[in-house]
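Colleague: Let me give you the structure first, and then I'll get to my questions.
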Amino acid sequence: MKNTLENIENQFEMIQILNEEGEIVNEKEMPELSDDDLKELMRRMVYTRVLDQRSIALNRQGRLGFYAPTAGQEASQLGSHFAMEKEDFLLPAYRDVPQLIWHGLPLYQAFLFSRGHYHGNQMPEGVNALSPQIIIGAQYVQAAGVALGFKKRGEKAIALTYTGDGGASQGDFYEGINFAGAYKANAVFVVQNNHFAISVPVEKQSAASTVAQKAVAAGIPGVRVDGMDVLAVYKAVREARERAINGEGPSLIETVTYRYGPHTMAGDDPTRYRTEELDDEWEKKDPLIRFRKYLENKGLWSEEEENKTIDEAKEEVKAAIKKADGVEKQKVTDLMSLMYEELPSNLQEQMEEYKEKESK
């Protein structure tokens, strides 16, 4: 039995295309992306890094509410999302706001989501997505349902969802991949393994040496990729999408990545559970530096283009937070009205009380 387990685990080697120096080390796995595609991927990564920096600053100023930093995970997040099509359905976790924005959610609404305002959860027409899921792993079950709906309708679209390594320890994770596998539903499940479920190291969460191998129990393909390599992530997710829309069922993709900041801005202190040496090791694998070197060597990216992207991001963040500030503040009565079509009798009395308070 031990040999059988080892043989299975050895099959899940990490796929890498671009090394830390921006060099192609796996030519046969290179995805079919045009020069414009490559530049757009870089632009989105730079923009998202700036968005993260500004969001942290806004949170510290008290102008945002809940926020989960994203720096370090840009290749995992944006490489996977770049493999999607507009008709695909996105089911993000709470750290996956960047993918939601690139899928079509206006930036000011993303800020309203952070503040807990209901308008931040209202997807515009044509944006196929749910708002970020706070319950760990719950989006996996939802994705299985959306994916089955696509299959039953005969639609060439997928449901793509994310969780972290901690989410892969949840019951919803197993239920979601098992259900989707049983029905060969059009789903792609991504686990962003950033090594710490808040503060618990991945090694203490499971006896499995990889997350990808958990796909075996569900009878679906499992792939492990370098989550700091945007090309490898894109290729893995794009191939998984093709399998799904061709009726071959779902896939589980583990992106091995790292978050440079805290779990969230709600008081987490990563220095209590991560060493400086580990942080330094992963900073050398920064997905932006790696991809920038690659593009510069191809003559596709320059300091001028990067500075232009940074300036654009700062201006758009500034405009979006101003627009969010101008949205009418959410009231308790708004929340009650949105929760119920017909208010229960016990809440009707409270509704009248709050209406009176809010009118003053």
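The values are calculated or read from the model by the stated rules, or taken from the named source; none is laboratory data. This structure is a prediction, so every number in the text was calculated from the model and none was measured. We place every Cβ from the backbone using ideal geometry, glycine too, and count neighbours over all the protein chains shown.
Colleague: Could you check, for the stretch 66-76, whether at least one of its residues is under 16 Å from the mean Cα position of the chain (by Cα), crowded, with 22+ Cβ neighbours inside 10 Å, closer than 25 Å to F150 by Cβ and assigned by TED's automatic domain parsing to the domain that holds P132?
Modeller: yes
Colleague: Could we say that K184 is closer than 17 Å to G249 by Cα, assigned to a helix (DSSP H, G or I) and of a type outside the set (V, I, T) here?
Modeller: Numbers: closer than 17 Å to G249 by Cα: yes; assigned to a helix (DSSP H, G or I): no; of a type outside the set (V, I, T): yes.
In short, no.
Colleague: Just for the stretch 203-222: of the residues that are without any contact (Cβ under 8 Å) to a residue 40 or more places away in the chain and touching a helix residue (DSSP H, G or I) at 6+ places or on another chain (Cβ under 9 Å), which one is farthest from A68 (Cα to Cα)? Spell out the reasoning first.
Modeller: Taking the stretch 203-222 and keeping what is without any contact (Cβ under 8 Å) to a residue 40 or more places away in the chain, we get 203-204, 206-207, 215, 219, 221.
Going one step further and asking which of them are touching a helix residue (DSSP H, G or I) at 6+ places or on another chain (Cβ under 9 Å), we end up with 206, 215, 219, 221.
Working: S206: 24, A215: 27, G219: 33, P221: 30 Å.
By that ranking, first place goes to G219.
Colleague: If you scan the stretch 275-294, which residues turn out to be part of a loop (DSSP other than H, G, I, E, B) and under 28 Å from A215 (Cβ atoms)?
Modeller: Narrowing the stretch 275-294 to residues part of a loop (DSSP other than H, G, I, E, B): 275, 284-286.
Once the filter is applied, which keeps residues that are part of a loop (DSSP other than H, G, I, E, B) and under 28 Å from A215 (Cβ atoms), the stretch 275-294 yields only K285.
Colleague: Search the stretch 306-360 for residues being among the β-branched types (V, I, T) and without any contact (Cβ under 8 Å) to a residue 40 or more places away in the chain, and hand back the single one that is nearest to N59 (Cα to Cα).
Modeller: Residues of the stretch 306-360 that are among the β-branched types (V, I, T), as a first pass: 309-310, 317, 321, 327, 332-333.
From the residues that got through so far, the ones that are without any contact (Cβ under 8 Å) to a residue 40 or more places away in the chain too are 332-333.
Values: V332: 23, T333: 26 Å.
Of everything passing the filter in the stretch 306-360, V332 is nearest to N59 (Cα to Cα).
Colleague: For the stretch 190-230, enumerate the residues that are part of a strand (DSSP E or B) and within 20 Å of R274 (Cα to Cα).
Modeller: Q192, N193, F196, A197, V200, P201
Colleague: Same structure again: I'm trying to understand the selection: among the residues of the stretch 1-25, which are closer than 14 Å to R290 by Cβ and touching a residue at least 40 places away in the same chain (Cβ under 8 Å)?
Modeller: Kept after step one, since they are closer than 14 Å to R290 by Cβ, are these residues of the stretch 1-25: 16-25.
Across the stretch 1-25, the qualifying residues are Q16, I17, L18, N19, E20, E21, G22, E23, I24.
Colleague: Which one of I24, I101 is touching a helix residue (DSSP H, G or I) at 6+ places or on another chain (Cβ under 6 Å) and either more than 17 Å from K285 (Cβ to Cβ) or among the β-branched types (V, I, T) (or both)?
Modeller: Numbers: I24 fails: touching a helix residue (DSSP H, G or I) at 6+ places or on another chain (Cβ under 6 Å).
Residue meeting the stated conditions: I101.
Colleague: Looking at the stretch 317-334, which of its residues are in a helix (DSSP H, G or I) and either surrounded by 13 or more Cβ atoms within 10 Å (Cβ to Cβ) or acidic (D, E) (or both)? Full working, then the answer.
Modeller: Pass one, the stretch 317-334, residues in a helix (DSSP H, G or I): 317-325, 332-334.
Passing the criteria: V317, A320, I321, K323, A324, D325, V332, T333, D334.
Colleague: Also, I was wondering about something else. For residues that are part of a helix (DSSP H, G or I) and touching a His at 6+ places or on another chain (Cβ under 9 Å), tally how many sit in the stretch 109-140. Walk me through how you get there before you give the answer.
Modeller: Restricting attention to the stretch 109-140, the residues satisfying the condition of being part of a helix (DSSP H, G or I) are 109-114, 118-121, 138-140.
Narrowing the set further to residues that are touching a His at 6+ places or on another chain (Cβ under 9 Å) leaves 109, 111-113.
Of the residues in that region, 4 qualify.
Colleague: If the Cβ limit is 7 Å and pairs must be 6+ apart or interchain, which residue in the stretch 185-196 that is assigned by TED's automatic domain parsing to the domain that holds E283 pairs with which residue that is surrounded by fewer than 24 Cβ atoms within 10 Å (Cβ to Cβ) and in a strand (DSSP E or B)?
Modeller: H195/P201
Colleague: Among (1) in contact with a Leu (Cβ under 8 Å, 6 or more places away or on another chain); (2) over 27 Å from S114 (Cβ atoms); (3) not in a helix (DSSP H, G or I), there is one condition L343 misses while meeting the rest; what is its number?
Modeller: Only one criterion in (1) in contact with a Leu (Cβ under 8 Å, 6 or more places away or on another chain); (2) over 27 Å from S114 (Cβ atoms); (3) not in a helix (DSSP H, G or I) is unmet by L343, namely (1).
Colleague: Hey, R153 hits all of (1) under 19 Å from A240 (Cα atoms); (2) without any contact (Cβ under 8 Å) to a residue 12 or more places away in the chain but one; which does it fall short on?
Modeller: Checking R153 against (1) under 19 Å from A240 (Cα atoms); (2) without any contact (Cβ under 8 Å) to a residue 12 or more places away in the chain, the one that fails is (1).
Here is a yes/no grid of residues against (1) of a type in the set (A, V, I, L, M, F, W, C); (2) over 16 Å from S80 (Cβ atoms); (3) surrounded by fewer than 18 Cβ atoms within 10 Å (Cβ to Cβ):
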residue: T4; (1), (2), (3): no, yes, yes
residue: M14; (1), (2), (3): yes, no, yes
residue: V25; (1), (2), (3): yes, yes, yes
residue: K28; (1), (2), (3): no, yes, yes
residue: P31; (1), (2), (3): no, no, no
residue: K39; (1), (2), (3): no, yes, yes
residue: M42; (1), (2), (3): yes, no, no
residue: T48; (1), (2), (3): no, no, no
residue: L51; (1), (2), (3): yes, yes, no
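Colleague: I've got another one for you. Which of the residues that make up the stretch 251-266 are closer than 18 Å to I136 by Cβ, assigned to a loop (DSSP other than H, G, I, E, B) and of a type outside the set (A, V, I, L, M)?
Modeller: Result: T257, R259, P262, H263, T264.
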